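The values are calculated or read from the model by the stated rules, or taken from the named source; none is laboratory data. Just so it is clear, the model here is predicted, and its values are computed rather than measured. Counting neighbours? That spans all protein chains shown, and the Cβs are built from the backbone with ideal geometry, glycine included. The accessibility values were calculated without ligands, DNA or RNA, using every heavy atom of the protein model including side chains. Shrake-Rupley method; radii C 1.70, N 1.55, O 1.52, S 1.80 Å.
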Amino acid sequence: MTAYIITIGTGKEHNWRIAKQNSVWATPRAYGINAGDDLFFWQGGAGLVGHYRATADETAVHDPSTLPWPDSVDMHYAQR
């Protein structure tokens, strides 16, 4: 088991709310997350906003339009 600190960019607070509603998170880069890893989400200006345990291995995003965020195509999310 590994622990990761995943940052949420300033101005992306709405993405954090959407992620919690949909139980999914995606990033522009690969971390190598595996099921069982601890994920600590850090928001600039707010600090720690959540701690979760990954329920699945990280996978590549092949079609960003399937992600729930309004900026999913522009952000070039690579992994979910």
Considering every residue within region 40-47, establish whether at least one is in contact (Cβ under 8 Å) with a residue 40 or more places away in the chain and open to solvent by less than 70 Å² (accessible area, probe 1.4 Å).
no
Consider Tyr31 carefully, then state whether it is in a loop (DSSP other than H, G, I, E, B) and surrounded by 14 or more Cβ atoms within 10 Å (Cβ to Cβ).
yes
Kindly establish whether Thr55 is assigned to a loop (DSSP other than H, G, I, E, B), at pLDDT 90 or above and of a type outside the set (D, E, K, R).
yes
Looking for whichever is farther than 14 Å from Ile5 by Cβ, open to solvent by 70 Å² or more (accessible area, probe 1.4 Å) and without any contact (Cβ under 8 Å) to a residue 40 or more places away in the chain here; the options are Thr59, Thr66. Which one fits?
Thr66
